[in-house]
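The values are calculated or read from the model by the stated rules, or taken from the named source; none is laboratory data. Bear in mind the structure is a predicted one, so any value in this text is a computation, not a measurement. Virtual Cβ from ideal backbone geometry, glycine too; neighbours counted across all protein chains shown. Calculation scope for accessible area: heavy atoms of the full protein, side chains included, ligands and nucleic acids excluded. Shrake-Rupley method; radii C 1.70, N 1.55, O 1.52, S 1.80 Å.
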Amino acid sequence: MCGITGYTGRSVALPFIMQGLEKLEYRGYDSAGVTLVDKSDLFTCKVSGRLDNLKAKLDEEAHQQTCGIGHTRWATHGVPSQLNSHPHTNSSGTISLVHNGIIENYLSLKQELLNKGYVFQSETDTEIIVHLLDDVYYHETGDMLQALLKVVNRLKGSFALCIVSKEFPDQIYVAKKESPMILGKNETGTFCASDAPALLAYGDQILPLKDKEVAILSPDDIRVFNFKGEEMKQEWIAAPYNIQAAQKGGYDSFMLKEIHEQPRAIRETLRGRIINDEIEINELNELDLDWKKTERIYFVACGTAYHAGISAAKELEKLTDVPVYAIPASEFRYGDPYLNGRCLCIFISQSGETADTIAAIKLAKQKQASTVGVVNVLGSSLTRLSDVCLYTCAGPEISVASTKAYTTQIVLLSCLIIKIAEKINGYKPDIQLIIDFKELPELVEKVLKHESQVKELSGLFKDKKDAYFIGRQHDYPVALEGSLKLKEVSYVHADAYYAGELKHGPIALIEDGTIVIALATQEKVAAKTISNIQETLARGSKVILITTESIEVDGFEYVIRLKEISRCLMPVQIIVLLQLLAYYVAVIKGCDIDKPRNLAKSVTVE
Ligand code: F6R
């Protein structure tokens, strides 16, 4: 989604602003802009398209201002264009601001401002904020903090705001509600950004702004207030990862780098979770839940994290009698789910900032359900909202297409469901599962050795526009995730089906040369899946089969065999192959892998 950076201090602001926006490029955007502050004037420059277009328009040498803000926009209200891009400025050119999020009541506020004679340049919801601020500051308060407090209390929706003005040329005002905003400082000045990678080169301590807080950044000082105007205590934390970790490290893309980081990420996630062959999730003891009376368990998330949730739900329903559901957060929040103090809700998110997931946890809390967050980004909103938070230790995931976040989610959720079952009915896992957990990082290293074979298989997709993923039982959620990876980075249309469902309709799509990726790693149903594969072969499909070393299959041209391990961890091995496949198909198709079209990392709008 959109990116924000801001700097005020004794150094030149533009280099900070631009490097920060570059670090946030992975989030996806379609236009960019900056405002730099002079005592006498604001200088604003905005372009449609990539940051390179902005750089080409800016003479960096000429811009020695020491205070400024920058933005990359991902269009929500109004087409991607120069006019709609941020920063937005009031009519007299004295206040300029950038905004991430969505203002839900912008139409009524716009009408109010139109009635007062304000003129709008853009189609955005953001522009109303700068005019409203102009109105309150110049006609009511004459004090920017008071004006900003009045404005934020009138806005409905989500926002991270960053504001400069020639009225206070060395200050930046920021505000946050439901969209992330992180502050930092060093010996040269103070700064802010919508995500930590933009700050990492400048300091190792960060101050994530809490919901409903505003801050004033001056060259030597940061002050934080709540929306009532009360000054707040600042809770600085160590930056969640270092700058080297956020760079490509010799790989062609972040996606490939992150695929290869999975053994280490899994090792880190498991650190301290298996002690004396017992799984430890002591955080669960902090929940105020009568486990034996648990009525329902929900796994709630979006996209890839939701797919990890489906796998976890399928496993957990086998271990207890409690009804278990996996629900996309966007459906959960509007679906009137059955919720009360005897329900447990597990929210899964890499970023911890996904708007639907955040709204879903708020609903669960409102209904007194116990909440667990499974989150990758430290200090993110979900970590603060959940009753207890478990961290996947995947490190920074920069690639828009999620890879190591998924595998670490599967691993941590597998630990979690066993502990939940233990609390509900005393369940104890087989020692083989403990052995598999311990061996998993090495097993993933082995799976990565199939890379050249997968690269070769990607050649099958050269002239193809479609592919079908099939699998039964616990293979099915992995098929969903494999198909999501393929479509998001290579733009090949991909669908996932339960293998047994094929002949009830989708088989109509199979013709000579259609690619089918079949997952048959579940001993119990493998023979059935093989029969379904035969049905597609009979209609001319080309099948890539992923199965285990022990399952008997014969006569397939393209087969990859994986070690059979405990069912709940099998998705980890399978998906590594499917991630590599998606990656190499995208290479063949010449796609911009780290910046897939229309997609954004961390979807902070509904
Ligand atoms: C797909 C992908 C998305 C995210 C989804 C949720 O590769 O990255 O589907 O999984 O937007 O994001 P988080 O996990 O940050 O809540």
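Details
- Accessible surface calculations at 1.4 Å, restricted to protein heavy atoms, place region 206-306 at 49 Å² per residue.
- Over all projection directions, the Cα-based convex hull of the chain averages an area of 27.7 nm².
- Taking amide H as placed 1.01 Å from N in the peptide plane, residue 393 has its amide H under 5 Å from the amide H of 269, each at least 5 places away in sequence or on another chain.
- Descending by average beta-carbon neighbour count within 10 Å, the peptides 465-472, 165-172, 106-113 line up as 465-472, 165-172, 106-113, the highest first.
- Summed residue charge, Cβ within 12 Å of residue 310's Cβ, Lys/Arg positive, Asp/Glu negative: -3
- Accessible-area composition of the chain, carbon plus sulfur, in percent [1.4 Å probe]: 47 percent
- The charge dipole of the chain, taken about its Cα centre with unit charges on the Cβ of Lys, Arg, Asp and Glu (plus for the first two, minus for the last two), comes to roughly 500 debye.
- A cut-off under 12 angstrom between Cβ atoms defines the neighbours of residue 417, and their net charge, with Lys, Arg +1 and Asp, Glu -1, is +2.
- Scattering from region 71-227 was approximated by placing one identical point on each alpha carbon and applying the Debye formula without solvent; log10 I(q)/I(0) at 0.14, 0.16, 0.18 1/Å stands at -0.66, -0.87, -1.11.
- A cut-off under 15 angstrom between Cβ atoms defines the neighbours of residue 337, and their net charge, with Lys, Arg +1 and Asp, Glu -1, is +2.
- Integer Hz, Karplus 6.51/-1.76/1.60 couplings in order for region 474-491, x for Gly and Pro: 6, 6, 5, x, 6, 4, 4, 5, x, 6, 5, 4, 4, 5, 6, 9, 10, 6
- log10 of Debye I(q)/I(0), alpha-carbon scatterers only, for region 386-449 at 0.15, 0.20, 0.21 Å⁻¹: -0.62, -0.97, -1.02
- Stokes-Einstein translational diffusion, region 418-502 - Kirkwood Rh over all Cα pairs, 1.306 mPa s, 10 °C, in µm²/s: 100 µm²/s
- Heavy-atom accessible area per residue - region 29-157, 1.4 Å, Å²: 41 Å²
- Summing Cβ point charges (Lys, Arg +1; Asp, Glu -1) relative to the Cα centre of region 90-217 gives a dipole of roughly 200 debye.
- Separation of region 1-67 and region 171-225, taken as the distance between their Cα centroids, equals 17 angstrom.
- One decimal place: the segment residue 238-residue 156 gains 26.3 nm when fully extended, by the rule 0.36 nm per residue minus the C-alpha distance.
- For residue 517, the residues whose amide H sits under 5 Å from its own are 468, 469, 470, 544, ignoring neighbours fewer than 5 places away on the same chain, with H placed 1.01 Å from N.
- Straight-line cross-link reach from residue 293 at under 18 Å between alpha-carbon atoms covers these aspartates and glutamates, not counting any fewer than eight positions away in the same chain: 317, 321, 422.
- Rolling a 1.4 Å probe over the heavy atoms of the protein chains gives region 460-594 an accessible area of 39 Å² per residue.
- Taking all protein chains together and rolling a 1.4 Å probe, residue 43 ends up with roughly 70 Å² accessible.
- Charge dipole (region 26-116, unit charges on Cβ, about Cα centre) - positive-most of 31, 80, 47: 80
- If both residues of a DSSP beta bridge must be in the chain, then about 60% of such bridges are antiparallel.
- Order by protection proxy (mean Cβ within 10 Å, highest first), peptides 81-87, 188-194, 67-73: 67-73, 188-194, 81-87
- Label point at residue 340 placed 7 Å out along Cα→Cβ; residues across region 281-312 whose backbone nitrogen lies under 12 Å: 294-296
- Grouping the Cα pair distances of region 248-447 into 5 Å bins from zero gives a pair-distance distribution of 1, 8, 17, 21, 21, 15, 10, 5, 2, 1, 0 percent in increasing distance order.
- Amide N of region 98-122 lying under 16 Å from the label point, which is placed 7 angstrom from the Cα of residue 167 along Cα→Cβ: 98
- Sorted on the mean count of surrounding Cβ atoms within 10 Å across their residues, most packed first, peptides 130-142, 480-492 read 480-492, 130-142.
- Taking only Cα atoms of region 449-590, radius of gyration then Dmax in Å: 13.6, 40
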